[in-house]
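Encoded as structure tokens, the structure appears first; notes follow it.
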Amino acid sequence: MVAAQQRIGSAYFVIFGNYGDVTRYAEERGVCRQWVYREAASLQQALAEQQKRIERLQGRLRELEQQHTDLQERLRVAVVLDADKQAQFASVGQACGVSLPVCWELLDVLIAGQQQSVATLGRASNAAGKKAGELLPILDAWAQERVREVAADEIYVKDAVLMTVEPESLCWLGGRLSAEVSGAAWAQEFGHLPNLEQVTRDGGQGLAKGVALVNAQRQEQGQPAVVDQGDHFHALRGGSVGVRKAERQARTTLAAAEAADKELAQCDRQGQNRTGPTNRARVAWQKAEQAMDSWSERERLWQQTKEALLLVTPTRAPRRPRCWPRPYRNCRTAISPRPSAWYRNRRCSIIWTVCSRKSNRYRFRRKSSRPPCGRRVCAVGRSCCRVSLLKRRPCAGCCC
């Protein structure tokens with residue numbers, strides 16, 4: 001401690017002392033002046049090294065603080081992929097239709113070499129499915145009582161899966177694996193929906209028989225029948241086939257006409273007789289023009305048909321319509337020309353349904369067993385009318 005104070009005193013007299021102070025300080029201590037100067041220099045050097053150390057420590061502190069901030073940010077978005085989280089990942093992937101090998105590959109991107117095997121992930125997802133399946137009867141009982149409309153169709157994996165979906169909420173009501181797609185199987189599926197009013201379906205025979213069986217059972221029990229409604233998708237899916245066929249024919253004839261023009265130009269360059277090539281080019285261009293006109297006409301008619309299939313709101317439909325409301329006339333006008341045999345094979349009929357004015361949903365109740373035609377007036381009553389959908393089926397006993 002005394003030595004340190006002496007070094008501080010030597011530095012003080014060397015740096016801040018007046019003339020002669022260093023000599024008097026050296027005489028008082030009994031040392032030479034050079035000793036005082038060496039002590040002052042060593043103190044200055046120690047202080048300089050200490051300042052550098054402080055600066056290094058401050059820089060290291062800033063680095064550690066930045067590293068701490070970065071780690072906090074990473075921790076905020078970090079997910080620990082332990083065994084439970086990997087099982088959850090595989091279960092959700094299976095529920096979304098992702099295969100277990102693909103889930104394994106995705107986990108390999110996140111935790112390379114640390115993910116569980118495909119078999120382990122499969123056992124975990126199977127266990128999660130069984131555990132979640134215990135809740136389905138409770139949820140199904142709650143949802144099935146509230147269903148008024150349902151869209152039904154089957155998909156195929158190994159066997160058929162009978163799918164039912166509520167259209168407004170897109171709630172998946174059922175996906176039962178069935179060994180057969182029959183009317184009895186669909187009737188059993190619809191039997192779980194006690195308040196069902198309408199079924200929207202495609203043209204499958206099994207679905208049609210299922211709805212017919214349900215309506216027969218309801219008729220015996222004195223309950224209202226379920227409205228059997230076709231969907232837009234399957235009614236319109238085949239309509240564009242004729243347009244594409246006309247397009248291919250137009251492109252083929254146009255290419256033939258261009259080839260005939262090239263042949264005629266070659267005859268002109270070679271000075272040959274151009275009578276035959278001229279006639280062939282004229283005929284080819286006539287066919288191309290006819291094909292282009294046919295293509296354009298089919299495209300126009302098909303677009304007009306699709307526009308006529310839009311739902312008509314109660315405010316737009318007449319309250320007491322005669323047998324040909326405007327949307328139906330538009331659809332009939334669009335379909336009636338039938339420029340080829342392809343269209344004659346796809347006769348369409350409009351289902352005439354009515355909707356209560358107090359309802360804001362598409363709850364249809366059929367009032368007439370026949371579509372509107374020129375020979376019969378539809379029994380509509382006082383309800384507002386709505387043209388619903390096209391169905392790809394002939395109209396028995398109707399002028400359509």
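The values are calculated or read from the model by the stated rules, or taken from the named source; none is laboratory data. Quick caveat: nothing in here was measured; it's all calculated off a predicted structure. Here the Cβ is made from the backbone with ideal geometry for all residues, glycine too, and neighbour counts use every protein chain on show.
Assess whether residue 98 counts as being surrounded by 12 or more Cβ atoms within 10 Å (Cβ to Cβ) and either at pLDDT below 90 or assigned to a helix (DSSP H, G or I) (or both). Spelling it out, it is not the case that residue 98 is surrounded by 12 or more Cβ atoms within 10 Å (Cβ to Cβ) and either at pLDDT below 90 or assigned to a helix (DSSP H, G or I) (or both). Looking only at the stretch 143-157, decide whether some residue is in a helix (DSSP H, G or I) and loosely packed, with under 11 Cβ neighbours inside 10 Å. Checked the stretch 143-157: no residue is in a helix (DSSP H, G or I) and loosely packed, with under 11 Cβ neighbours inside 10 Å.
Residue-wise test of (1) more than 40 Å from the chain's Cα centre (by Cα); (2) not in a loop (DSSP other than H, G, I, E, B).
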| site | (1), (2) |
| --- | --- |
| 49 | yes, yes |
| 54 | yes, yes |
| 59 | yes, yes |
| 66 | yes, yes |
| 69 | no, yes |
| 72 | no, yes |
| 79 | no, no |
| 85 | no, yes |
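Does the stretch 216-224 contain any residue that is of a type outside the set (Phe, Trp, Tyr), crowded, with 19+ Cβ neighbours inside 10 Å and more than 21 Å from residue 150 (Cα to Cα)? Step through it out loud before you land on a result.
Filtering the stretch 216-224 down to residues of a type outside the set (Phe, Trp, Tyr) leaves 216-224.
Going one step further and asking which of them are crowded, with 19+ Cβ neighbours inside 10 Å, we end up with none.
No, the stretch 216-224 has no match at all.
Annotation note: of 80, 31, 92, the sole residue that is out of contact with any helix residue (DSSP H, G or I) (no Cβ under 8 Å at 6 or more places or on another chain), surrounded by 13 or more Cβ atoms within 10 Å (Cβ to Cβ) and either closer than 30 Å to residue 110 by Cα or not hydrophobic (A, V, I, L, M, F, W, C) (or both) is 92. Note down all Cβ pairs under 7 Å where the first residue falls in the stretch 183-206 and is of a type in the set (Phe, Trp, Tyr), the second is part of a loop (DSSP other than H, G, I, E, B), and they're at least six residues apart or on different chains. If the second residue must be part of a loop (DSSP other than H, G, I, E, B), the pairs left are 190/196. Within the stretch 54-64, the presence of a residue that is of a type in the set (Val, Ile, Thr), free of Cβ contacts under 8 Å to residues at least 40 places away in the same chain and surrounded by 11 or more Cβ atoms within 10 Å (Cβ to Cβ) is excluded.
Considering each of 279, 215 in turn, give the residue that is assigned to a helix (DSSP H, G or I) and closer than 30 Å to residue 197 by Cβ. Outline the logic, then answer.
Details: 279 fails: closer than 30 Å to residue 197 by Cβ.
One residue alone meets the criteria, 215.
Residues that are in contact (Cβ under 8 Å) with a residue 12 or more places away in the chain and surrounded by 11 or more Cβ atoms within 10 Å (Cβ to Cβ) within the stretch 13-28 comprise 13, 14, 22, 25, listed in sequence order. Scanning the stretch 239-261 for residues that are basic (Lys, Arg) and either at pLDDT 90 or above or buried (at least 18 other Cβ atoms within 10 Å of the Cβ) (or both) yields 248, 251.
Taking the criterion of being in contact with a Leu (Cβ under 8 Å, 6 or more places away or on another chain) and either at positive phi or not small (Gly, Ala, Ser) (or both), would at least one residue in the stretch 66-84 satisfy it?
First pass over the stretch 66-84, keeping only residues in contact with a Leu (Cβ under 8 Å, 6 or more places away or on another chain): 81.
From what's left, either at positive phi or not small (Gly, Ala, Ser) (or both): 81.
For the stretch 66-84, residues in contact with a Leu (Cβ under 8 Å, 6 or more places away or on another chain) and either at positive phi or not small (Gly, Ala, Ser) (or both): present.
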